[in-house]
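Colleague: Quick one: this structure, given as structure tokens, is what I'll be asking you about.
The values are calculated or read from the model by the stated rules, or taken from the named source; none is laboratory data. It should be emphasised that the depicted structure is a prediction, and the values quoted were computed from it without experimental measurement. Here the Cβ is made from the backbone with ideal geometry for all residues, glycine too, and neighbour counts use every protein chain on show.
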Amino acid sequence: MAPNKKISLTEEDLVRALKGKETIAIQALYDMYSGALLGVISRIIQQPEVAEDLLQETFIKIWNSADSYDSTKGRLFTWMINLARNLSIDKLRSKDFRNSNKNQDIENNVDFIDSQRKITFNADTLGLRDMVTALKPEFNDVLNMVYFKGYTHVEAAEELNLPLGTVKTRIRMAIMELRKHFN
Amino acid sequence: MEEAKAYIETGILELYVLGQLNVTEQKEVEEMAANYPIIREEINAIEIAMEQYAVFHAIKPTSGLENKIFDKIAPLSATKSKENSSATVPLYSDHSASTIRSLRFALVACIGLLILSFVALYAMNDKLVVANEQIVSLTNDKQKFASTVSYMKVANKDLQEIAAITGDPTWTVVQLGGTNIAPKAKMKVYWHKSGHHVMVDNTRMSLPENDSKHQYQLWAIVKGKPVDLGVFDAESQPAKLLLAMKEVGDAQAFAVTLEKRGGSAVPTMEKMVVQGAISI
């Protein structure tokens, strides 16, 4: 996301505003996270229009389900990204969507999207691109399948013909690697 | 502590953050997180890493999408009503305030006047009713007076005529006296021989009042035979003082009998109340 002077609130204020049905909460969430959410959605659903429809649906669901968010169970963004991912996977698996999407190769979603769409990188994380792309591919692939392609870790294990334990380890290793770079 | 570290190393926390666990597994992780702060911290660190990873892969939505979303959620918003309730500040607040005040006074004054009008209207209506009643009674009085006046005019004219007749030698005054059946009865008949006029003077009549089924009938005796001269009523307050009867030019006497209403062709002799001969 490009640096901007848009609305940015602390997590606590955001949650309070969101649960209080104040539109400023959605404005802040949109300014802070719409790009990140669309990034995840777009890698599961390739069509830009459908992806943006899903982003819209995601925000409406965030707004309507705010009461079910429990801050003791995790961060607001984690809850939001899981909502976005679940909506996207539901769409991906829906009959009408599959029928209109037969010829697409689900395997290459990330590369395909990244080549089709203009990715807006945060200036502060420009150096990270090399780092992230330099992640060990065997670790990164598993994480991306689960995080960006809508696979469950069980499906990923089957797809990659790997034991479930190995998939879990690789996901953990990939995230450990990310944490090293981001923190 | 060892247990917590071992739990972390299973990789289940990453799957938790990635939303890969079923409900039972999720609850287990949440319990562990509640018991071990280190697990809570580990989850938080994973969440932040994934958040940054997502931000790193962000794709900017097309402009306009934001407004579409706000349009959909705005009707459900709690802040919406607050924003809309902001009052409009009038440009000339002092002026309009005084205008409103004076308009308010005017309104109160109008209402007061309206109430007064109603009271006045009610009072006037009362007076009008009284006045109408007075007009009705005055009209009645006037009619009474008018009829009295017209009666008096007629009576006056009759009296003048009676006075003229009695002073005129061409008129013969015939006194009729009571008979056996009505000794106290008497009356006067004026007869103008050449003009054949016969008048009955009600002012000088003293006959018993007849009822509604009978009438007195005046007869002239012409050459010994009775000639009908018409009927009349004996009233205490006669409508006419001077009554014109049928004409006769040649009579020797007059007589009155009580007959059935409308009169008879032949006099009932036994009902003769007065009679009088002409004394010339």
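Colleague: Going through region A:82-109 one residue at a time, which ones are hydrophobic (A, V, I, L, M, F, W, C) and at pLDDT below 50?
Modeller: Of the residues in region A:82-109, the ones hydrophobic (A, V, I, L, M, F, W, C) are A:83-84, A:87, A:89, A:92, A:97, A:106.
Of everything in region A:82-109, just one residue is hydrophobic (A, V, I, L, M, F, W, C) and at pLDDT below 50, namely A:Ile106.
Colleague: Separate question: When you scan region B:197-238, how many residues do you find that are outside any strand (DSSP E or B) and farther than 12 Å from B:Ala253 by Cα? Let's see the steps before the verdict.
Modeller: To start, the set of residues in region B:197-238 that are outside any strand (DSSP E or B) comprises B:207-213, B:223-224, B:233-238.
Restricting the remaining residues to those that are farther than 12 Å from B:Ala253 by Cα gives B:207-213, B:233-238.
Number satisfying all stated conditions: 13.
Colleague: With respect to A:Leu87, is the statement that it is closer than 18 Å to B:Asp71 by Cα and more than 8 Å from chain B (Cβ to nearest Cβ) true? Spell out the reasoning first.
Modeller: Numbers: closer than 18 Å to B:Asp71 by Cα: no; more than 8 Å from chain B (Cβ to nearest Cβ): yes.
No: the conditions fail for A:Leu87.
Colleague: Look at region B:32-49 and say how many of its residues are buried (at least 20 other Cβ atoms within 10 Å of the Cβ) and facing another protein chain (nearest Cβ under 7 Å).
Modeller: Result for region B:32-49: 4.
Colleague: Which residues, taken from region B:16-31, are in a helix (DSSP H, G or I), within 7 Å of chain A (Cβ to nearest Cβ) and either aliphatic (A, V, I, L, M) or crowded, with 20+ Cβ neighbours inside 10 Å (or both)? I'd like the intermediate steps shown before the answer.
Modeller: If we filter region B:16-31 for residues that are in a helix (DSSP H, G or I), which is where we start, we get B:16-17, B:23-31.
Checking which are within 7 Å of chain A (Cβ to nearest Cβ) leaves us with B:17, B:30.
Within region B:16-31, B:Val17 is the sole residue that qualifies.
Colleague: Are any residues in region B:48-62 at pLDDT 85 or above and either not aliphatic (A, V, I, L, M) or not in a helix (DSSP H, G or I) (or both), and if so, which ones?
Modeller: Of everything in region B:48-62, those that are at pLDDT 85 or above and either not aliphatic (A, V, I, L, M) or not in a helix (DSSP H, G or I) (or both) turn out to be B:Glu51, B:Gln52, B:Tyr53, B:Ala58, B:Ile59, B:Lys60, B:Pro61, B:Thr62.
Colleague: Looking at B:Asp168, B:Asp201, which one is closer than 20 Å to B:Val248 by Cα, over 54 Å from the mean Cα position of the chain (by Cα) and surrounded by fewer than 17 Cβ atoms within 10 Å (Cβ to Cβ)?
Modeller: Working: B:Asp201 fails: surrounded by fewer than 17 Cβ atoms within 10 Å (Cβ to Cβ).
Step by step, each of B:Asp168, B:Asp201 is checked, and only B:Asp168 is closer than 20 Å to B:Val248 by Cα, over 54 Å from the mean Cα position of the chain (by Cα) and surrounded by fewer than 17 Cβ atoms within 10 Å (Cβ to Cβ).
Colleague: Could you tell me how many of the residues in region A:3-27 are within 21 Å of B:Lys60 (Cβ to Cβ), at pLDDT below 85 and more than 11 Å from every other protein chain (Cβ to nearest Cβ)?
Modeller: Going through region A:3-27 one residue at a time, the tally reaches 5.
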